[in-house]
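Asker: Below are the structure tokens for one structure; questions will follow.
The values are calculated or read from the model by the stated rules, or taken from the named source; none is laboratory data. All values derive from a computational prediction rather than experimental measurement. Here the Cβ is made from the backbone with ideal geometry for all residues, glycine too, and neighbour counts use every protein chain on show.
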Amino acid sequence: MTIDLRNGLCKTNNYEAWRFPGGELHFKLNKEIFNSNVLVRTSIESSDDLMLLCLCLEVLNFKNISPRIAIDYMAYQQADRRFGQTECFSLKVISNILNSFKTDSFAIFDPHSDVAPALLNNCEVCDNSKFITYVLDQWESQYRGVHRNELIILAPDAGAYKKIFALCEKIGFRGQIECCAKSRNHDTGEKTIIVPKFDEGKDVLIIDDICLAGGTFLGISSQIKNKCHLAVSHGTFNNGVDHLLERFETIYTTDSRCTIENDRVKIYKL
């Protein structure tokens, strides 16, 4: 049985969830569960999503069920450490809450770092290899009609490069893989992104785990004369995509966060 909490507050065959007039959430199962093999699917984008998951887990635990939890998007991933002695460690707080319930396992799709899988009990990572394979298939068939190995894959920073290099090994990509670098002006503290020079006859695909407003990607693409494409596992797109599409031919993402309808935004369904 799968309980898909990505549907949010609604009534489905498996559950019903609603908000009381005072603002509190409530949850109930719509059918008796006789099989302990239960998967709970969620995308934790807000405090409401986290609370809904907790309420669901409380009911399942009451029925002596320890479900598997599949998390498409894990909130607070970028707060994966304590940045200062007076700042909270948000990701640890959320993980402690989830670990307080009885669960069989957790699975997170393309987490921002290895901290979330380390904090959650019995957690595995679902990498982005199927998504990026989809991206390469789409690019190959829709844009150039040439082999994917003619594409240049670009990592926005050194941290992403290690992950992308391993990804390319897994999916059998044999094309050019490059990495941006960062420099700092020690007098002003200003950071600058240094972008490699490319053969202008090849398209460039920037790959990363998340896009918020997209300023970093715009800064990188502004230094590239080639046609650019962007592939991000989690597209929040806080400011929409119109400004990004001025620089990128195509944006590829998944439905972990994105619901934008645009012919140049290709969404892979998880």
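Asker: Name the single residue, out of those in region 247-270 being farther than 14 Å from residue 209 by Cβ, at pLDDT 95 or above and polar (S, T, N, Q), that is surrounded by the most Cβ atoms within 10 Å (Cβ to Cβ).
Answerer: Here the answer is 250.
Asker: Condition first: under 12 Å from the mean Cα position of the chain (by Cα) and buried (at least 16 other Cβ atoms within 10 Å of the Cβ). Can you find one or more residues in region 239-246 that meet it?
Answerer: no
Asker: Looking at (1) modelled with pLDDT of 95 or more; (2) farther than 30 Å from residue 224 by Cβ, which is the only condition residue 79 fails?
Answerer: It fails just one condition, (1).
Asker: Sticking with this one: What's the total number of residues in region 228-270 that are out of contact with any Phe, Trp or Tyr (no Cβ under 8 Å at 6 or more places or on another chain), in a strand (DSSP E or B) and under 15 Å from residue 45 (Cβ atoms)?
Answerer: 1
Asker: Can I ask one more? Restrict the check to region 58-72 and report whether at least one residue is among the hydroxyl-bearing types (Ser, Thr, Tyr) and surrounded by 14 or more Cβ atoms within 10 Å (Cβ to Cβ). Walk me through it before giving the result.
Answerer: As a first pass, look at region 58-72 and keep what is among the hydroxyl-bearing types (Ser, Thr, Tyr): 66.
Subsequent filtering for residues that are surrounded by 14 or more Cβ atoms within 10 Å (Cβ to Cβ) retains 66.
Yes, region 58-72 contains at least one residue that is among the hydroxyl-bearing types (Ser, Thr, Tyr) and surrounded by 14 or more Cβ atoms within 10 Å (Cβ to Cβ).
Asker: Moving on. So which residues in region 140-178 are without any contact (Cβ under 8 Å) to a residue 40 or more places away in the chain, closer than 15 Å to residue 252 by Cβ and touching a Leu at 6+ places or on another chain (Cβ under 6 Å), if there are any at all?
Answerer: Residue satisfying the conditions is 148 alone.
Asker: Now, a different point. Limited to region 88-111, what total is found for residues that are touching a residue at least 40 places away in the same chain (Cβ under 8 Å) and either farther than 28 Å from residue 131 by Cα or of a type in the set (D, E, K, R) (or both)? Can you show your working first?
Answerer: Of all residues in region 88-111, those touching a residue at least 40 places away in the same chain (Cβ under 8 Å) come to 94, 97-98, 101-103, 109-111.
Still in the running and either farther than 28 Å from residue 131 by Cα or of a type in the set (D, E, K, R) (or both): 97, 101-102, 110.
So the answer is 4.
Asker: A follow-up question, please. Can you tell me which residue in region 189-233 is nearest to residue 250 (Cα to Cα), limited to those that are surrounded by 12 or more Cβ atoms within 10 Å (Cβ to Cβ) and of a type in the set (Asp, Glu)?
Answerer: Restricting to residues being surrounded by 12 or more Cβ atoms within 10 Å (Cβ to Cβ) and of a type in the set (Asp, Glu), the top hit is 203.
Asker: Anything in region 112-138 that is part of a loop (DSSP other than H, G, I, E, B), under 18 Å from residue 231 (Cα atoms) and free of Cβ contacts under 8 Å to residues at least 60 places away in the same chain? List them, or say none.
Answerer: Let us first name the residues in region 112-138 that are part of a loop (DSSP other than H, G, I, E, B), namely 112-114, 120-122, 127-128.
Next, only the ones that are under 18 Å from residue 231 (Cα atoms) stay: 112-113, 127-128.
Within region 112-138, 113, 127 qualify.
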